[in-house]
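Participant: Have a look at this one.
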Amino acid sequence: MIRHAGLVALRLGGSWCGALVEGPSGIGKSDLALRAIAAGFRLVADDRTVVFASGGRLYGKAPESLRDKLEVRGLGIVTVPAVAQCRIGVVVRCVDASQAVERMPQTRLERLAGLDVPVFDLWPLEPAAPAKIRHMLQHLGVAL
């Protein structure tokens, strides 16, 4: 399935583990991806992500036509070295800053391609957003 989402990844435990970043157009998904890359993440996909299950795990990759491409508002489409695919550890739902994000959220799961994955809400433009995604992947996501 193709999701309207970006995917950024960290190298954890010897393999790439990623956050599927979803939200409405214009909310700041690509901006968040650019800041995450500056904070040590790697791009997997921007704007569209192919999500699939294999061996009981959830994975994502960019459609071939979008591989190594990131849309940077004000610059256009830029080429960024990307990871070919990665395991999806969490789903990050980008919400508008006018919406509440729970301080102590209950664990929520979403079923994608027949597998459950934790879901977290996040304000994508807040300065700590990349650090929060790092923490989600290291401590709260699907176990490697």
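None of the figures in this text is laboratory data; all of them are computed from the coordinates on show. Everything quoted here is computed from the prediction, not taken from an experiment. Methodologically, a virtual Cβ is constructed for each residue, glycine included, from the backbone with ideal geometry; neighbour enumeration extends over all protein chains shown.
Participant: Testing the spin-label approximation: label points 7 Å from Cα along Cα→Cβ at L140 and I2. State their distance in nm.
Facilitator: The answer from the label model is 3.0 nm.
Participant: Counting each DSSP H run of 4 or more residues in the chain as -39500 (n - 2.57), what helix-only mean residue ellipticity at 222 nm follows after dividing by all residues, to the nearest 500 deg cm²/dmol? Spell out each step's value before the answer.
Facilitator: Values: 2 runs with 17 residues, N = 144.
Result for the chain: -3500 deg cm²/dmol, rounded to the nearest 500.
Participant: Residues of the range 1-22 with backbone nitrogen within less than 13 Å of a virtual label 7 Å along the Cα-to-Cβ line of R57, please, listed as ranges.
Facilitator: 10-18
Participant: Any idea what Rg and Dmax come out to for the range 28-101 if you just take the C-alpha atoms, in Å?
Facilitator: 13.2, 41
Participant: Moving on. Highest GNM mean-square fluctuation, the chain, Cα pairs closer than 10 Å: which of L115, L34, L70?
Facilitator: Its mean-square fluctuation being the largest, the pick is L115.
Participant: Only four residue types carry charge here, +1 at the Cβ of Lys and Arg and -1 at the Cβ of Asp and Glu. Report the dipole size of the chain about the Cα centre in Debye, rounded to the nearest 20.
Facilitator: That gives a dipole near 340 debye.
Participant: Going toward the positive end of the dipole of the range 28-83, with +1 on Lys and Arg Cβ and -1 on Asp and Glu Cβ, which of G56, I77, A45 do you reach last?
Facilitator: Value: G56.
Participant: Oh, and also: What are the extents of the Cα atoms of the range 2-140 along their three principal axes, listed from largest to smallest and rounded to whole Å?
Facilitator: 39, 38, 26
Participant: When you take every Cα atom in the range 70-144, what is the radius of gyration, and what is Dmax, the widest Cα pair distance, in Å?
Facilitator: 14.3, 38
Participant: Using modelled backbone amide H atoms (1.01 Å from N, in-plane), which distant-in-sequence or interchain residues come within less than 5 Å of E110's amide H?
Facilitator: Those qualifying (amide H under 5 Å, at least 5 residues apart or on another chain) are V117, V119.
Participant: What is the antiparallel percent of DSSP beta bridges lying wholly in the range 1-112, to the nearest 5?
Facilitator: The antiparallel fraction comes to roughly 80 percent.
Participant: Sticking with the crude label model, points 7 Å out along Cα→Cβ, report the distance from L115 to R11 in nm, one decimal please.
Facilitator: About 2.2 nm, to one decimal.
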